[in-house]
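Data first, discussion second: the structure below is written as structure tokens.
The values are calculated or read from the model by the stated rules, or taken from the named source; none is laboratory data. Not measured: the values here are computed from a predicted model. Neighbour counts run over all protein chains shown; Cβ positions are idealised from the backbone, glycine included.
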Amino acid sequence: MKALKFTLVITALAVAPFFARAQEKPNRPHKEQHQNMVKALNLNKKQANQLKVIHESYKAEKKVIQNKMPPIKKELKSLKSKKKALKKAEMKEIETILTREQFVQFQEMMQRKKEHRKKKHKKD
């Protein structure tokens, strides 16, 4: 298990600069990116060809998914905005039924709950 984790970490560290550079220069030709990766990983010709074949085999499906994402991202942004507005309205309504002290205590409870959720998600 430790060996697997170690291998994954080493691989991630080896490949990370390519992703960083790809984000810095998104217009860089794919061929140049491929050549740089082959050189940095010191791949032999067989490995380089296999890498290219693997990349090409997933390219079309990834493009289809990528093209579906913008409308979904737009819808998600809209839903998050609506949820935020509902939360604000809910807080205002709750504030009307509580005393000032109760509302402060309520806010503290909500803050602890939020922090607990963040810790729980970090563990997963």
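Of everything listed in (1) exposed (fewer than 10 other Cβ atoms within 10 Å of the Cβ); (2) at pLDDT 95 or above, the single unmet condition for LEU13 is (2). Any residue in the range 89-108 that is part of a helix (DSSP H, G or I) and under 29 Å from the mean Cα position of the chain (by Cα)? Checking the range 89-108: not a single residue is part of a helix (DSSP H, G or I) and under 29 Å from the mean Cα position of the chain (by Cα).
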